[in-house]
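Chemist: Before we start, here is the structure in question, set down as structure tokens.
The values are calculated or read from the model by the stated rules, or taken from the named source; none is laboratory data. Since this is a predicted model, take the numbers as computed values, not measurements. Glycine also receives a Cβ, built like all others from the backbone with ideal geometry; neighbour counts cover every protein chain displayed. Heads up: the accessible areas ignore ligands, DNA and RNA and are worked out on the full protein's heavy atoms, side chains in. Shrake-Rupley method; radii C 1.70, N 1.55, O 1.52, S 1.80 Å.
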Amino acid sequence: MTAFEIVLVLAAGLAAGTLNTVVGSGSLLTFPVLVALGHPPVVANVSNTIGLAPGSLSAVYGCRRELAAQRHRLLPLGAAAVLGGLTGALLLLALPADTFGAVVPALVLLAALLMALQPRLTRLVAARLARHAHAPGTLATRPPRTTGRALPAAVLAVSVYGGYFGAAQGVLLLAALAIALDDDLRQLNGLKNLLQALVNLIAAVLFALTADVAWLPVALIAAGSVPGALLGAALGRRVSPAVLRAVVVTVGTVAGVTLLMR
């Protein structure tokens with residue numbers, strides 16, 4: 001890699017870590033960069049997943065207070081996330097590389113669309129939670145809702161997607177959690193970060209042991225994503241999420257259209 005390419009990948013990792021903390025879908029920055037540098041789509045996806053895993057763990061550490069009150073949910077939902085992430089990662093490795101190359105433009109465009117719709121999804125979920133809060137038997141008097149069967153199944157399905165191609169899985173996870181549970185969105189976001197980290201971690205371990213990995217980009221993305229996550233925690237209080245979201249949607253749309261034209 002040239003000096004310019006090293007700086008480019010490091011900067012993409014920093015930006016991805018920041019965006020993942022604030023609005024999510026940082027992969028829509030790092031994945032297109034790796035593809036643009038000449039890495040095959042599967043290698044770029046594998047390397048991107050491994051490189052962003054440390055940033056996911058940092059996000060979990062930052063949300064440890066929100067997770068403390070949800071210990072009763074961690075086992076069933078965590079197991080679903082691990083199983084789904086492993087299944088998605090195995091599908092990526094088992095299917096022909098041409099299959100991923102054929103569907104990746106659609107996946108990138110889907111992730112960009114989900115990011116564009118995230119504010120509307122958030123408003124819908126917040127309105128639903130508000131109705132529940134004013135319903136007979138308030139959150140203060142009702143016992144914590146259990147996960148049942150539908151939510152682990154939804155987490156499993158989203159995690160399969162996340163293990164196969166991780167961009168925007170956080171948007172899907174948060175929507176599923178908020179529809180099924182009555183908790184405050186900040187608590188649900190902490191749970192989402194944990195589930196997403198489990199998906200990324202299990203996929204990253206499998207990829208590191210079995211797949212063709214571009215290790216220098218992995219190291220650069222990891223080196224950027226960890227401080228980027230910390231930076232995102234600070235910028236999230238100052239920079240408008242709408243601005244950052246617009247950047248992600250624009251980059252994702254351009255990348256998806258470019259890949260589609262290829």
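Chemist: I'd like the residue in the stretch 1-50 that is on the phi > 0 side of the Ramachandran plot and either among the aromatic types (Phe, Trp, Tyr) or within 12 Å of the chain's Cα centre (by Cα) (or both) and, out of all such residues, is surrounded by the fewest Cβ atoms within 10 Å (Cβ to Cβ).
Modeler: Among residues in the stretch 1-50 that are on the phi > 0 side of the Ramachandran plot and either among the aromatic types (Phe, Trp, Tyr) or within 12 Å of the chain's Cα centre (by Cα) (or both), the one surrounded by the fewest Cβ atoms within 10 Å (Cβ to Cβ) is Ser25.
Chemist: Can you give me the number of residues within the stretch 58-90 that are modelled with pLDDT of 95 or more and over 18 Å from Ala197 (Cβ atoms)?
Modeler: Of the residues in the stretch 58-90, 1 are modelled with pLDDT of 95 or more and over 18 Å from Ala197 (Cβ atoms).
Chemist: How about the stretch 180-233: which of its residues are of a type in the set (Val, Ile, Thr) and farther than 21 Å from Leu67 by Cβ?
Modeler: Val205, Thr210, Val213, Val218, Ile221
Chemist: Taking the options Gly252, Gly228, name whichever one is in a helix (DSSP H, G or I) and at pLDDT below 80.
Modeler: When all the criteria are applied, what remains is Gly252.
Chemist: Taking the residues in the stretch 157-198 that are among the polar types (S, T, N, Q) and either under 17 Å from Ala229 (Cβ atoms) or open to solvent by 10 Å² or more (accessible area, probe 1.4 Å) (or both) as candidates, determine which candidate is modelled with the highest pLDDT.
Modeler: So the residue we want is Gln196.
Chemist: Would you mind finding the one in Ala79, Ala112 that is within 30 Å of Arg186 (Cβ to Cβ) and open to solvent by 10 Å² or more (accessible area, probe 1.4 Å)?
Modeler: Ala79
Chemist: Oh, and also: If Val213 meets every condition in (1) in a loop (DSSP other than H, G, I, E, B); (2) at pLDDT below 95 apart from one, which number is that one?
Modeler: All conditions are met except number (2).
Chemist: What number of residues within the stretch 64-76 are open to solvent by less than 20 Å² (accessible area, probe 1.4 Å) and either within 30 Å of Pro96 (Cβ to Cβ) or not in a helix (DSSP H, G or I) (or both)?
Modeler: Counting residues in the stretch 64-76 that are open to solvent by less than 20 Å² (accessible area, probe 1.4 Å) and either within 30 Å of Pro96 (Cβ to Cβ) or not in a helix (DSSP H, G or I) (or both) gives 1.
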